[in-house]
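Q: Sharing a structure with you now.
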Amino acid sequence: MASNRPLPGPFFRSPISAGPDLSSPTSSKNSDGSQIVNLHPQQRPDTLQNSTSQQSISSNSWRANSVNFGSKGVHYGSRGGAGSEGFSMSMSRREINDEDARLVYVNDPLKTNERFEFAGNSIRTGKYSVLTFLPRNLFEQFHRVAYMYFLVIAILNQLPQLAVFGRGASILPLASVLLVTAVKDAYEDWRRHRSDRIENNRMSSVLMNDRFQEKKWKDIQVGEVIKILANETMPCDIVLLSTSDPTGVAYVQTINLDGESNLKTRYAKQETLPRIPEKDMISGLINCEKPNRNIYGFQANMEIDGKRVSLGPSNIVLRGCVLKNTDWAVGVAVYAGRETKAMLNNSGAPSKRSRLETHMNREIILLSSFLVVLCTIVSACAGVWLRRHRDELDIMPFYRRKDYSKQEVENYKYYGWGMEIFFSFLMSVIVFQIMIPISLYISMELVRVGQAYFMIRDDKMFDATSNTRFQCRALNINEDLGQIKYIFSDKTGTLTENKMEFQFASISGVNYSGEKTEFLGEEGGYSIQVEGQVWRPKMKVQVDRELLQLSQTRNDTKSKEIYDFFLALAACNTIVPIVVNTSDPTEKLIDYQGESPDEQALVYAAAAYGFMLIERTSGHIVIDIQGERQRFNVLGMHEFDSDRKRMSVILGYPDSTVKVFVKGADTTMFKIIDKSLNLDVVKATETHLHSYSSIGLRTLVVGMRGLSISEFEQWQSSYEIASTALMGRAGLLRKVAINLENNLSLLGASAIEDRLQKGVPEAIESLRTASIKVWVLTGDKQETAISIGYSSKLLTSKMVQIIINNNSKVSCRKSLEDALITSRKLINVTRASDDDASSVALIIDGTSLVYILDSELEEQLFELASKCAVVLCANDVSMIQMADVGVGLSGQEGRQAVMASDFAMGQFRFLVPLLLVHGHWNYQRMGYMILYNFYRNALFVLVLFWYVLFTGFTLTTAITEWSSVLYSIIYTAIPTIVIGILDKDLSRRSLMTYPQLYGAGQRQESYNAKLFWLTMADMLWQSVVAFFIPLFAYWKSEIDSSSIGDLWTLAVVFMVNIHLAMDVIRWTWISHASIWGSIIATCICVIVIDAVPVLPGYWAIFNLASSGLFWICLLGILVTAMIPRFVIKMFMQHCKPCDIQIAREAEKFSNRMESTRNGEIEMNPPQR
Amino acid sequence: MKLSLKLEDQQQNQNPILFKAKIPIAVFGLPFLSAFSATHHHAAAASDKLSLSLRTHFPTGPSLKLSYNTPTTTANSGAGKMDTSPKPKSKSKKPKYSRFTQQELPAWKPILTPGWVIASFVAVAILFIPAGLLCLSASERVVEIVDRYDDECLPDSYSNKGDSFIQSKDTNKTCVRTMKVPRKMTAPVFIYYQLDNFYQNHRRYVKSRSDKQLRDRSYADETRDCKPEDNLDGDENEPIIPCGLVAWSLFNDTYKLSKGNKVLDINKKDIAWKSDTEIKFGSDVYPKNFQKGELIGGGELDETKPLSEQEDLIVWMRTAALPNFRKLYGKIYSDLEANETITIVIQNNYNTYEFGGEKRVVLSTMSWLGGKNDFFGIAFLTIGGICLFMAINFILLYVCKPRPLGDPSYLSWNRNPNGL
């Protein structure tokens, strides 16, 4: 449908980063070189914001190890902050400062915009216009260091004293890169402009002259009243005034904004509801915050009919949202165009740098110093040469310092020998410029794009249930995936499906967890009759028969308690029931929409036991209790926040009694329960909770308290004050909530199962076998965590568990020290006995973690943790996106995490192919490509350098300048990129079967200092061979410099391509085409260059190729150059084979071996 | 010889083969191999695939294959791969299956087994040792006479003052040298002059020329790069043709050869590249203002002959790659017998004294490999020898310390159960 159209283009290319630190680049690299994947689903920026402030783990040593926690918590209700719907406030206390606020006169855009220049609604995501394109694009391109290097070299070359290359030739590399990038940018910008144009010209109906008329989006102004029909998209951020729903509810889908597909409820204020804009003039003044990028926050108040009404995030609908299940909605535009929250969030992706690249920079510096050394040698020798010949220079035929053609004899092109030395230094920089492989950066980007393409297209990482492909959001850390040592994973929604199922209940100390749960009947579950139709919940829940019977009776205290319990479940939430038509006209389904899957499960459970929530508006809820429809006024609601870890709702009963229901995590709930009332029940419930959590269930505790009239009034007034406050509203509301939520009587506890995702245990086992350390962070109780740990194979019976569970700093220190000793001992024992049965698992709870992180114990924790194979943190400390690689799961619910992640996928188990297969390939490919690029460029430079030694140190190049320029553009560029994208050292099957092969990346086998030096030594040998064989062959012969230059060109190009060919593992037709194609392309280029009559080398290649010596030379060079490499490679392969080598042999020969050696080839399964 | 490259890939688990048959048949008496196979696609039961093929089956040489696949394959799938099954959902984002996107293109995965390693070393040795011997013998057959004359042709009174000897107009620069032919030199005999320590590849020098001017009359004033030999006396209307240091320093010693009393004809035609005389140097470009400046660098040119006929210049303008070089002076189309005495009358005009250069005259025959050069013979023998040595070494290594290929017991985690 039309409304599925995404928001203005770039919005989707970049994650929303609402949290303070989300977009900041990670500063953390592990000191021991480990790489970390951070997995976190559905992380919410607002909870992040809360938790970062209380975060105490910002000390350097801890950060340096990239251990970062993020809060997930159990979120029961909608987000924290100020929910104030349903209450009309007639007073407002605080004026917003004029500077801090914008005043919007409803339906009076003229007045609204006269004092302040609010942005119009036309958006511009395009960066350039026709005029500004050239300067701006160039300016942006030259922000990259590489381009600056190109530019400086090119400028140097333009100086007449330094002109080594012809002008055209020296500009070509820079120009080609700039041109390609500019074309790409222009194309992208053109697409943005086009999407802007489409977006700006969409139509909406706007109130003009008391009539709703169609108006283009770009003409909409702040203050105008807009009417949106169902399935239409919001043109700007609007405050709701009224909706088709009599209670002022509007449902919106925010999929374009944060990717969450469930419906959210937004409310129009009671005061504005009854007005129909066409008939009676709406006028009012909205006083709201300045535009900001927090998509979950909004604070404002509205003056209408002399009254002040406070507005919160639930009253505003943001641009890009789609109106659903509501016929129409009318609202006033408050933020438009670039000031809308959606557009403000339109920031770039977080930039991270891969570890390989960091290491590479070290080698780049080495190469730069090598370049300086070469240039110094050349310039020093040039100085010496000039000094030695100083008396002869004047008329020396090949120097001729003096110009006799003028009247007075003067020096010609000679600047004194000091300057000459300086100039020859600069000239040698120009000649040897490609020593620093600038083209490498461009190749790397291309290779990463190619790798991303294959990751996205991998059908093994396609999630059929959510119909999502793998997503690559960051393009510069692909190769990090092959070097991961630690995985930090959230539990809920990452390991688990986040599809909650109600399992057991403990009500008033009685445990209803019998074996007798079953579906009731064919029809399934509870249903009610409404106007001749059958309404039933969409999801069926298994019920406990005993409890079901009890819930249907109504006479004893027990059933009263059960009544309160289920009423709490049905009422104390933010779930919205939506009635959905089915194919059967007499039957309708109730779909409970809400942001928390836990709440959904509880409401479905309540419905199954006959407490069916059928209507929720801002002011009341209707619950069908055992066939009897009851209406409760919702007098107030304190939504869930991660500090309180509970939510509460104040219900006004039909008989005008008032009760508060609270639901929350057991740790916080038992603190506020009045234990004097019924100690036995509390004790029993605690026992039940313990048993639930030890089988891996999520538990919630429900409590209740009646409110007296005075209590209620007191609460009401303080709530009003808090909820209309513009500053610190959330804090005030929290305070109000804490005052209210106390002395509760315990109703019971619920247990919800969050099932593990398919394939999680196997995936975790694979990852552990690959010696990746897995950390899981969960908000559950410790018992739950351990039990989940077992079921997900995170923990095995062979592991030694170290449990840290303390309440004070001192005891924490003690147990940490003990644990360290134990782990050291264990490791020693296993080392001595060669028995690897026992590895260590650390389980640490949130409180202890806080103590440890607050103090100087971090180091010890780190030491301990790095010894453990598994770390389980039952914690609630925040996890931020600070990891080297952030992987988001586009799971059941939101996709906020996806927006902030580097990679996103549908299922946890895809982590295995992602890391073990693609990560391995990416790393191996990239590592090889970098080394090869160093080698390739240095080889060419060295061949040039050797020649300089035979030209009086004057930087003549026998190789034509065009060949020098084309060398890294045409002659050798394509094969390395193709091999970087396509080569595979091992098949997917081997990599998946033997996760240990992943160790190659962890041990940095594809790129390390040793390999670098080895490659450089090889390069030195090859350059010597390439240069000196022709030199000796043509010594004292009539060879001209163009011919020998062509020979060197061809020799070097053939050499680097054959070098590459020797290392290619899989020869597909593409590899063949690119490598042999490059060689052919080089020959063609050389021929073309030598066919230009005005170049000195005219026809050289043809004369050369007609001599036998040339071909013998070429053959000799190629064979001689490759011998050392071949010998060393073969020797290492035979005597010190790496795992990959053996696996590759096994891949190829296993069939043969199996038949001859009779199954002996069976690779031992991992002994962990 | 039969070379067969089997392109294996991991498709077997993707497309389990139901049935496969290869039957050799004869068509018109020629051997053919017909193949028939049916595969079963993993995703969709409906898309079974049938393929028929017929290929030539000669014992040697390349083979030609004609094949037919069932048309379920999409048009663009050249490699004969299967498309995805009919989609269950209309809007599924499931990546389309192709061997390319799944990185499963058929590939040749060579592994150098010990056999291959040894074979390749032996092959190089077998190729290089005879080649080395061939080169040596070719070089051996070349007869070369080299005579350095720059010092010998300097009268004693001018020793250490070669400069003034050359620059003076009054000195007699004729010099007679004799040399003995060591072995029979069969025609053509090439006469070279050899300059040592002359940096014809010096950057100032190399750039000081105008190829446009040499080729085309209309570019006569294209002398920008030629400084200081660009225009006569700095007058822009008097461009020097050919301009620049390279032309200016034209070598101008001359040689006259005689065998006994018989003058040997030195043929100076066709000493330059054909491409140069025909295209690079214009036939309508005549020398002008050449060597008319204050400082005379070397040879003069006949102003009545176009540049394309000035072959000495053309040869000189092909600047040498290295500071020690030879350039062709002419050819003698008559045999020189062994022990014959050759007399060379040299006009010692060219000034190498002032920068310490050396001049030689060289008479040489030519082999298929060019002039006399033992380098290749020795180099090839050395490489061949090394390869043979390596082959033996690797044989010993494989025999003494065998390692079964793909033996899992060599895997790091099996060798060292503790892992890291």
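The values are calculated or read from the model by the stated rules, or taken from the named source; none is laboratory data. Source: prediction; values computed, not measured. Ideal geometry is used to build each Cβ from the backbone, glycine not excepted, and the neighbour counts take in all protein chains shown. Please note that ligands, DNA and RNA were not included when accessible areas were found on the heavy atoms of the full protein model with its side chains. Shrake-Rupley method; radii C 1.70, N 1.55, O 1.52, S 1.80 Å.
Q: Could you list which residues have their amide H under 5 Å from that of A:E615, counting only those 5 or more apart in sequence or on another chain, with H placed in the peptide plane?
A: HN-HN under 5 Å from A:E615: A:V622.
Q: How about A:K814: which aspartates and glutamates have a C-alpha closer than 18 Å to its C-alpha, ignoring those fewer than 8 places off in the same chain?
A: A:D845, A:D854, A:E856, A:E858, A:E859, A:E863
Q: Where Rh denotes the Kirkwood radius from the mean inverse Cα pair distance, what is Rg over Rh for the range B:216-310?
A: Reported Rg/Rh, Kirkwood definition of Rh: 1.05.
Q: Averaged across the residues of A:952-963, what count of C-beta atoms belonging to other chains lies within 10 Å of each residue's C-beta?
A: Neighbouring Cβ atoms belonging to other protein chains average 3 per residue here.
Q: Sort A:H359, A:H918 by accessible area with a 1.4 Å probe, largest first. Mind dumping the intermediate values first?
A: Working: A:H359 40, A:H918 5 Å².
If we order A:H359, A:H918 from most to least accessible, we get A:H359, A:H918.
Q: Related question: On the full set of protein chains, 1.4 Å probe, figure out the accessible area of A:C381 and give it in Å² to the nearest 10.
A: 40
Q: Right, here's the next one. What list of ³J(HN,Hα) couplings, whole Hz, do you get for the range B:204-210 from phi and the Karplus terms 6.51, -1.76, 1.60, once you set θ to phi - 60° and write x for glycine and proline?
A: Working through the residues one at a time gives 4, 6, 4, 7, 8, 7, 9 Hz.
Q: Ignore the peptide's own chain and count Cβ atoms of other chains within 10 Å of each Cβ in A:1127-1138; give me the average, rounded.
A: Going residue by residue through A:1127-1138 and averaging, the value is 5.
Q: Take A:K663, B:K259 and sort them by solvent-accessible surface of the protein heavy atoms, 1.4 Å probe, largest at the top. Show your work: numbers first, answer last.
A: Values: A:K663 5, B:K259 40 Å².
Result, largest first: B:K259, A:K663.
Q: Next question. Take A:E599, B:E152 and sort them by solvent-accessible surface of the protein heavy atoms, 1.4 Å probe, largest at the top. Before the final figure, lay out the partial values.
A: Details: A:E599 0, B:E152 110 Å².
The ordering from most to least exposed comes out as B:E152, A:E599.
Q: Taking 50 Å² as the minimum loss, tell me which residues in the range B:325-341 lose that much accessible area going from the chain by itself to the full protein complex (1.4 Å probe).
A: Flagged in the range B:325-341: B:R326.
Q: Here is a follow-up. Using only protein heavy atoms and a 1.4 Å probe, report how much of A:H1134 is accessible, in Å² to the nearest 10.
A: About 20 Å², rounded to the nearest 10.
Q: Over the range A:926-1128, what is the relative contact order in percent, taking alpha-carbon pairs closer than 8 angstrom and at least six residues apart?
A: On the way: 177 pairs, mean separation 64.4, N = 203.
Relative contact order for the range A:926-1128 comes out at 32 percent.
Q: Moving to a separate point now. Shielding by partners for B:366-378, please: the mean number of other protein chain Cβ atoms within 10 Å of each residue's Cβ.
A: Averaged over the peptide's residues, the number is 4.
Q: Right, something else. Using only C-alpha positions, report the orientation-averaged shadow area of the convex hull of the range A:926-1128, nm², one decimal.
A: On the way: hull surface 49.7 nm².
Approximately 12.4 nm², given one-decimal rounding.
Q: Still on this structure: How big is the B-A contact in terms of buried accessible area, both chains counted, 1.4 Å probe, rounded to the nearest 100 Å²?
A: Between B and A, the summed buried area is about 10100 Å².
Q: Something else about it: Whenever you get a sec, compute what percent of the accessible area on the range B:242-293 sits on carbon and sulfur atoms (1.4 Å probe).
A: Heavy-atom surface of the range B:242-293 belonging to carbon and sulfur, 1.4 Å probe: 48 percent.
Q: Applying the Karplus parametrisation 6.51 cos²θ - 1.76 cosθ + 1.60 with θ = phi - 60° to the phi angles of the range A:483-493, what ³J(HN,Hα) value in whole Hz is obtained for each residue in order, glycine and proline being reported as x?
A: Working through the residues one at a time gives 10, 5, 10, 10, 10, 9, 10, 6, 8, 5, x Hz.
Q: Can you tell me the accessible area per residue over the range A:926-1128, all protein chains present, probe 1.4 angstrom, in square angstrom?
A: 28
Q: Next question, about the same structure. Going by the alpha-carbon gyration tensor, a ≥ b ≥ c the square roots of its eigenvalues, is the range A:220-345 rounded (a/c under 1.5) or, if a/c is not under 1.5, prolate (a/b greater than b/c) versus oblate?
A: Because a/c hits 1.5 or more and a/b fails to exceed b/c, the range A:220-345 counts as oblate.
Q: Reachable lysines from A:K227, Cα under 20 Å, same-chain residues fewer than 8 places away excluded?
A: Correct list for A:K227: A:K215, A:K216, A:K218, A:K264, A:K269, A:K279, A:K324, A:K341.
Q: Moving on to the next point. For the range A:220-345, calculate the relative contact order in percent as a whole number, restricting contacts to Cα pairs under 8 Å that are 6 or more residues apart. Write out the running numbers ahead of the final one.
A: Numbers: 291 pairs, mean separation 56.2, N = 126.
The value is 45 percent.
Q: List, in order, the whole-Hz ³J(HN,Hα) value for each residue of the range A:941-950 obtained from phi through the Karplus relation with A = 6.51, B = -1.76, C = 1.60 and θ = phi - 60°; use x for Gly and Pro.
A: The phi angles translate into 4, 5, 4, 4, 4, 4, 5, 4, 5, 9 Hz.
Q: For A:K758, list the aspartates and glutamates whose Cα falls under 14 Å from its own Cα; do not include residues on the same chain fewer than 8 positions away.
A: A:D463, A:E497
Q: Given H placed 1.01 Å from N in the peptide plane, which residues other than close sequence neighbours of A:A300 have an amide H under 5 Å from its amide H?
A: A:L311
Q: Given the whole protein assembly as supplied and a 1.4 Å probe, what does the accessible area of A:D459 come to in Å², nearest 10?
A: 20
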